[in-house]
Structure formats: C-alpha cells, structure tokens
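Before any comments, here is the structure.
The values are calculated or read from the model by the stated rules, or taken from the named source; none is laboratory data. Bear in mind the structure is a predicted one, so any value in this text is a computation, not a measurement. Note: ideal-geometry Cβ built from the backbone for every residue, glycine included; neighbour counts use all protein chains shown.
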Amino acid sequence: MEKSDMVIDYGSLQNLLGGLGDSVIMTDVKGMIIFMNKAAEELFEYSYNSDEPVSISDVMRLENVDTREKIISPVIRAMRSKKTMGLSKNIGFTRSDGAVYLSATCSPILDSNGAVKGCTAIIRDVTRIRTLERKVETDHYYMRSVFEAAKIGIVTLNVRGEIMDVNDPALETLNEDYIDIMGKISGMPFIVSTASKMAVVNRITASFVLSAITLSRLFWMTRLR
C-alpha cells in the first residue's frame, strides 16, 4: 500500500496527544493513517507503525452493532463534505471481547486555500453509557406496560404537582379526557365540594401514585413477584 505523502512531526504529536484519554487518529487526504495515540491503539487493538501504511477503514471497521451492516467511515465522509461528521447512536465495531459502541468527531484538515489535506478523528468508547441507556429504555418500556395494564387508577405528577400522565382506569373514574387533564394541578380536579365528586376522590385517592418514584417502586415490586 502506498505510503502517505503528508509530512507531520510525529514526535511532537505524540507528546501533545499521546497521553489523552480520548482516542485520536489523523489521516491524510487518501484516508491513510498518519498518527494514532496510545488510547486509539488500545481501543482498536492495533499497534500503529508509521513505516507500515494502513487505511483508516482497515483499522476502524465500523458497523451498525445491532444489524451488523457496514458503514462508510465518518473520516471519509468528513473529507468529502469538508464538514465535521460524527456517528449515529448504534455504530461501533466488534472487538475480541465483544461489541463496542463509539462516538466520534471527525473534522477535515484544510490548508489556507481550503483544500482538504487530511482528517482528525476524536473517538470515544461509549459502550458503558449505551448499555445503561438500553437498560433504561427496557425498564421504561416495562414500566409503561405495567402502567397501562394496571386495573387501578394511576396518576403521575411532576414536582409542582401537575399531572404528567394518567392511565385509563383513572380517566374512567375521574370521567375526564386525557388531553384536558394533562398539566392540571392535582388538587384542582379532585378537591371539590359536591358529594358525588368527593366520592370520586375517595375511590381513587388510594390508587394514586403521586410521583414517578412511587411508580418505580410499583414496577420493581411487580417484577419481583
């Protein structure tokens, strides 16, 4: 493979960027790697040697982690468009220890005339964050299922006491429309003087979940059964 003709002071770059926790890769205009810091070598399990030309696409073998569909490197896209490019949510690669999710900021290197000379990519391993996000998404889906399937009336409020959500049994008991009740202060539609409406209060108060924390407790109790 042809060696890069872009000249850099590798020692200076290593002194400047070598100790960064984020992975840093620089390429020439052809997409050939001209610099990798230690973090990038560890992330991609590749030991860079400036005497052995290698393409960015051969080191960053990016794919949609969920579908395994290969994607075009954001480094190449950044140089083609002359704009900073990143990665969508589920992009990463498969390493010896499993799937790795990445975030990246890839910016083209331009000369004084605006011509593309290469690209700089700053890459982060966001696998832990993405795993936590997925757990939250799964838990939220389960909580929503519990909320909607509950046979009792459940209302969730924000810290100001405004109604943020309500399930069908609560709407039926309150004889209210979903859109009309959203955002109301909890005391306004329930604390009224007529005996018939007070009966509604008595019937539904015991079923209220007055905060997201209480709903969360209900969710975990349900899962533990």
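The figures follow:
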read-out	value
Of all residues in region 140-172 being over 24 Å from the mean Cα position of the chain (by Cα) and among the small types (Gly, Ala, Ser), the one that is surrounded by the fewest Cβ atoms within 10 Å (Cβ to Cβ)	Ala149
Residue that is surrounded by the most Cβ atoms within 10 Å (Cβ to Cβ) [pool: residues in region 33-67 that are among the small types (Gly, Ala, Ser) and touching a strand residue (DSSP E or B) at 6+ places or on another chain (Cβ under 8 Å)]	Ala40
Selection within region 31-50 - over 29 Å from the mean Cα position of the chain (by Cα) and touching a residue at least 40 places away in the same chain (Cβ under 8 Å)	Ile34, Ser50
Residue ranges of strands (runs of 3 or more DSSP E) in region 89-160 with at least 1 members modelled with pLDDT of 90 or more and touching a helix residue (DSSP H, G or I) at 6+ places or on another chain (Cβ under 9 Å)	91-95, 98-110, 116-125
Candidates Lys89, Lys83, Lys38 - the one that is of a type in the set (Lys, Arg) and in contact with a Lys or Arg (Cβ under 8 Å, 6 or more places away or on another chain)	Lys89
Residues being among the charged types (D, E, K, R) and surrounded by 12 or more Cβ atoms within 10 Å (Cβ to Cβ) - total across region 86-139	9
Glu133 vs. criteria acidic (Asp, Glu) and within 21 Å of Ser23 (Cβ to Cβ)	yes
Residue list for region 102-142, restricted to those being over 22 Å from Ile25 (Cα atoms) and touching a strand residue (DSSP E or B) at 6+ places or on another chain (Cβ under 6 Å)	Arg130
